[in-house]
Amino acid sequence: MLIYQCLNKYNIVESTKLKNISNLVSFDTVENKVVSKSNIEIIIENNLIVEVGIKLASADKIIDCGNKLVTPGFVDPHTHPVFVNSRDEEFSRRLAGESYESIASDGGGIISSIQSVRDATESDLISRVKERMDSFLKLGTTTIEAKSGYGLDTENELKSLSVLKKVQDNHLIDIVPTFMGAHTFPEEFKNDSDGYVQLICDQMIPAVAKQNIALFNDVFCEEGYFSTEQARRILETGKKYGLRPRLHADEFLSSGAAELAAEVKAFSADHLMAVSENGIKKMAENNIIAILLPGTTFSLGKTSFAPYNSLRSAGIDIAIATDFNPGSCFIKSMPFIISLCCIYLKMPIYEAIKASTYTAAKSLGLENEIGSIEKEKKADLIIWNIKDASQIPSHFLDNPISKVMKNGELLFTA
Ligand code: NIG
Ligand code: FE
């Protein structure tokens, strides 16, 4: 402790070297592809990567990676972690044959998670969200996008975003907050959907912007939820207040949501299980990033995965995420999402690594700071228990991660 105090006092930077790495697999911004390199060492100073290369000079501290794989930390660009309990009974109902859509129209779904969030104290929500963030970090996620969306009135949406901010203040994981008042229509507006859209535009967005408590604005644009006209209004209003648009688009039915994402220049269009040809064309023309969420398709017992190959052939950048939420997907593990992508979407493993690190960071506007192991990027990385990236998809039952480094700090050391 004393030594650290002295180092800080005289501003002496302590350097750390990672050595004995079997393979370093990361997107390379110069070569513009994922590369795998052997005999590579990494030097870190404070929270930054300062050198990546062969036979580097020694450092104050050495970390032996045990001849194992090293990758960037995961960036999970789509989660809904601010809720009380998961809706386990809905999973059982689906196993008995009901669909997500029919359960939702029968009073279940998003709407049934609202009351408990409204009733919960801020500190109760903080401890639940903190615990969830601990799990994400252990699974290698070093940056996470997190949405509000289970409060659905001004007070409780602000409370949800404040929970994220307070968790962030005491947690190493980086949380990117998204306002999602437009998740569904709360009970009190069930016969006045435009009235709720007006409340979002006139009250919630200005209040969120005033507190400077969210970076993004997301809308569930889908039949039975927000129409493209309503979504457009909410996203355009958000833009005026500095909130960047992203969109839940064409999850169950194609409703023109991908086209809307292109029109408003959204940072991402997410889900896309039912995206149309025209939606794909418009996204490609406007460089809209697709975020695919195969954990949700899988958890809902569906087999209609998003059309990865058509999106990719159209030249669309693809990111992947967990979509962790209390109803349709309880998965926090990005390694498991990678397995699903490789098995069901036929995504090559290097593509899945890029999608879960670099492109995920790009969908949050953070690709210059995180998402790859390169000079001047944040020292957020994973030391695995395996030697080769090709082993990730098959090892989905045990956590194949040995250690996580966040901001240059080594976590979960045995
Ligand atoms: O992304 N699609 C909308 N929102 C979530 C589901 C949330 C819930 O069921 O509570 C999703 O899948
Ligand atoms: Fe979602």
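What follows is calculated from the coordinates using simple rules that are stated; it is not laboratory data. As the structure is a computational prediction, the values presented were derived from the model and not from experiment. Reconstructed Cβ throughout: ideal geometry from the backbone, glycine too, with neighbour counts over all protein chains shown.
Take the Cα of Y350, go 7 Å toward its beta carbon, and the backbone nitrogen atoms of the range 379-404 under 18 Å from that spot belong to 387-393. Distances between placed amide hydrogens fall under 5 Å for M347 paired with C342, all partners being 5 or more residues away or on another chain. Helical runs (DSSP H, four residues minimum) scored at -39500 (n - 2.57) apiece and divided by the length of the chain put the mean residue ellipticity at 222 nm at -9500 deg cm²/dmol.
Highest average first, the peptides 178-191, 32-45, 118-131 ordered by how many other beta carbon atoms sit within 10 Å of their residues are 178-191, 32-45, 118-131. Other residues within the sphere of radius under 13 Å centred on the Cβ of L300, judged by their own Cβ, net out at -1 (K and R +1, D and E -1).
The magnitude of the dipole of the chain, with charges of +1 and -1 set on the Cβ of Lys/Arg and Asp/Glu and taken from the Cα centre, is near 1260 debye.
Rounded to the nearest Hz, the phi-derived 3J(HN,Hα) couplings of the range 258-265 under the Karplus curve 6.51 cos²θ - 1.76 cosθ + 1.60 (θ = phi - 60°) are 5, 4, 5, 4, 5, 4, 8, 6, where x marks glycine and proline. Per the Kirkwood formula applied to alpha carbons, the chain shows a radius of gyration over Rh ratio, Rg over Rh, of 0.98. Given their separation in residues at 0.36 nm each and the Cα-Cα distance between them, S135 and K239 gain 34.2 nm when the chain is fully extended. Taking the longest Cα principal axis of the chain as reference, the axis of helix 334-344 is set at about 70 degrees.
If the segment from Q203 to N287 were pulled out straight at 0.36 nm per residue, it would be longer than the present Cα-Cα gap by 27.1 nm.
Here's the picture: charge each Lys and Arg Cβ at +1 and each Asp and Glu Cβ at -1 in the chain, and of I62, V34, M273 the one pushed furthest to the positive end of that dipole is I62.
Residues whose amide H falls under 5 Å from that of S255, counting only those 5 or more places apart or on a different chain, are D250, with hydrogens built in the peptide plane. Highest-first packing order for the peptide set 154-160, 256-262 is 256-262, 154-160, based on the mean count of other beta carbon atoms within 10 Å.
The stretch between E101 and E51 holds 12.9 nm of extra length on full extension. This uses 0.36 nm per residue minus the Cα-Cα distance.
Peptides 288-297, 202-211, 374-383, 322-331 ranked from most to least packed, by the mean per-residue count of other Cβ atoms within 10 Å: 288-297, 322-331, 374-383, 202-211.
Phi angles of the range 45-50 translate, via the Karplus equation with coefficients 6.51, -1.76, 1.60 and θ = phi - 60°, into HN-Hα couplings of 10, 6, 9, 10, 7, 10 Hz per residue; Gly and Pro are given as x. Annotation for F330 and L253: the two label points, set 7 Å from Cα along the Cα-Cβ direction, are 3.0 nm apart.
The DSSP beta bridges internal to the chain are antiparallel in roughly 45% of cases. Take the residue pairs K37/K165; K332/K354; K17/K346; K165/K240; K282/K406 and return only those whose Cα atoms are more than 26 Å apart. Correct reply: K37/K165; K17/K346; K282/K406. For K68, the amide hydrogen comes within under 5 Å of the amide hydrogens of S22, counting only partners 5 or more places away or on other chains and with H modelled in the peptide plane.
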